[in-house]
Amino acid sequence: MKLASLKNNTRDGKLVVVSRDLSRCVAVPAVAATLQQLLDNWDTLASKANAVYQALNSGKVAGEIAFDSSQAESPLPRAYQWADGSAYVNHVELVRKARNSEMPPSFWTDPLMYQGGSDDFIGPRDQIEAISTEHGIDFEGEVAVITDDVPMATSPEQALQKIRLLMLVNDVSLRGLIPNELAKGFGFFNAKPASSFSPVAVTPDELGDKWQDGRLHLPLLSTYNGKAFGKPNAGVDMTFNFGQLIAHAAKTRNLGAGAVIGSGTVSNKQGTEYGTAIAEGGVGYSCIAEIRMIETIRDGKPSTAFMQFGDSIKMEMLDSDGQSIFGAIDQQVVQYKA
C-alpha cells in the first residue's frame, strides 16, 4: 500500500491512497482523514485502506484524481517522534577521521541516535529555507520507517514487526553549527532544521525481496544541481538494521504510533577504504560532508563547497523496473525571509 498527505490548509494534510505507479490517488475520509489517524488505528483500519489501494490499482475508483507530488506534504507533516540514527558507521568513521579523532569501538555495537524536531517537517517539493550559507547547508539522504506503538524494552526482532511504513528522508544539516553544539556535550539542536520526507510512504510488502533483515536493498539516488552525486545501496554497509534502531530508541521509553526512525546518511565503502565519487567509478555519496571529509583526508583540506542559495537536490529510489517507489524529494535552497 502507498499513502500520502496532500496539502489542504490544515496542520496534518489530507490522507490519500496512491496507486502503485504514483499516477493517481483518492482520499479515504470514511477510513481516516489523516495518516496519523490511520496509524493510531492501524489494526482495524489498514485493511480498509488496503482494499481501496487494490481497487485503485485494478481500475478507476470514484473520486480519484491525478497524484501531483508538488501538492504533497511529507507523509506525516508533523509527528510525535523523529529520532535519527547513524546506522552506516562508515559515515561516522569518515567524519571523525577527517578531524583526527579516533572512533570509539562501541560505535560498532551501540547505535548513535539523536532526537530531531518533529513539529515542522517540510514537503518533498518545498523549498529549503536557510538563514545563511555560512551555516554550511548540507543535504543527507536517508531511509526512515514509521512505527506502530512500540513498548519499552522491545527486542530488535519484535521491533521489526512494528514497522508500518517506509519513506526517504532529506535530513538537512547545518554543518557550520555542529562543532560548537557538540562541544557543549548535549547534542544537536540549531544544526538540525526541518527535515523533508518523500511524497509517498509505502508498506514493507510493496518492496518485495528488496526488504530483507530490516534493510532496504536498493540504491538511493541523489542528484545535486542536475548531476548524479550518489547511488549507494541502502542495504549495504548498514551496521544496524531498523529493528536494532527501533529497539535502541525504545530501550527506556515507549514509542507511540507514528514515531519516525531514520537510518542516518546512507554510505557505502564499496570495496575501498572510505568510498569513491561517481565520476571516479564509485557509487558516490548521500551528503556533501562525506566528500569534504575525503578531500580533507587526501588533500589536507576540503574543496567542495556546501550548498548555496539556488542549489537543488533530488533524491529518489527506483524499483527493478526503473519506476519510482516513493516519488522524489526535489528541493531548492533559498534564503529565509521573516
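The values are calculated or read from the model by the stated rules, or taken from the named source; none is laboratory data. Being a predicted model, the structure only gives us computed values, none of them experimental. Cβ coordinates were reconstructed from backbone atoms using ideal geometry, including for glycine residues, and neighbour counts include every protein chain displayed. Keep in mind that these areas ignore ligands, DNA and RNA; they rest on the heavy atoms of the full protein, side chains included. Shrake-Rupley method; radii C 1.70, N 1.55, O 1.52, S 1.80 Å.
Of note:
- Segment 3-20 - residue that is open to solvent by less than 10 Å² (accessible area, probe 1.4 Å) and assigned to a strand (DSSP E or B) and, of those, nearest to Gly322 (Cα to Cα): Val18
- Hits in segment 46-73 - residues which are of a type in the set (Asp, Glu) and without any contact (Cβ under 8 Å) to a residue 40 or more places away in the chain: Asp68
- Neighbours by Cβ (under 9 Å, 6+ apart or cross-chain): first from segment 34-45, closer than 22 Å to Lys7 by Cα and free of Cβ contacts under 8 Å to residues at least 24 places away in the same chain; second open to solvent by 20 Å² or more (accessible area, probe 1.4 Å) and among the acidic types (Asp, Glu): Gln37/Asp12
- Segment 290-306: number of residues that are β-branched (Val, Ile, Thr) and touching a residue at least 24 places away in the same chain (Cβ under 8 Å): 3
- Looking only at segment 140-150, and only at residues there that are over 13 Å from Ile313 (Cα atoms) and not in a strand (DSSP E or B), the one that is least open to solvent (accessible area, probe 1.4 Å): Asp148
- Residue match in segment 281-289 (condition: over 22 Å from Ile163 (Cβ atoms) and without any contact (Cβ under 8 Å) to a residue 24 or more places away in the chain): yes
- Taking segment 109-123 as the range and being among the polar types (S, T, N, Q) and more than 15 Å from Ala250 (Cα to Cα) as the test, the residues that pass are Thr109, Ser118.
- Considered as a group, the residues in segment 121-139 that are open to solvent by 90 Å² or more (accessible area, probe 1.4 Å) and not in a strand (DSSP E or B) include one that is nearest to Val200 (Cα to Cα), and that residue is Arg125.
A quick yes/no check of all residues on (1) under 22 Å from Ile122 (Cα atoms); (2) modelled with pLDDT of 95 or more; (3) more than 20 Å from the chain's Cα centre (by Cα):
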residue	(1), (2), (3)
Met1	no, yes, no
Asn8	yes, yes, yes
Lys14	yes, yes, yes
Ala27	yes, yes, yes
Ala33	yes, yes, yes
Gln36	yes, yes, no
Asp43	no, yes, yes
Ala49	no, yes, yes
Tyr53	no, yes, yes
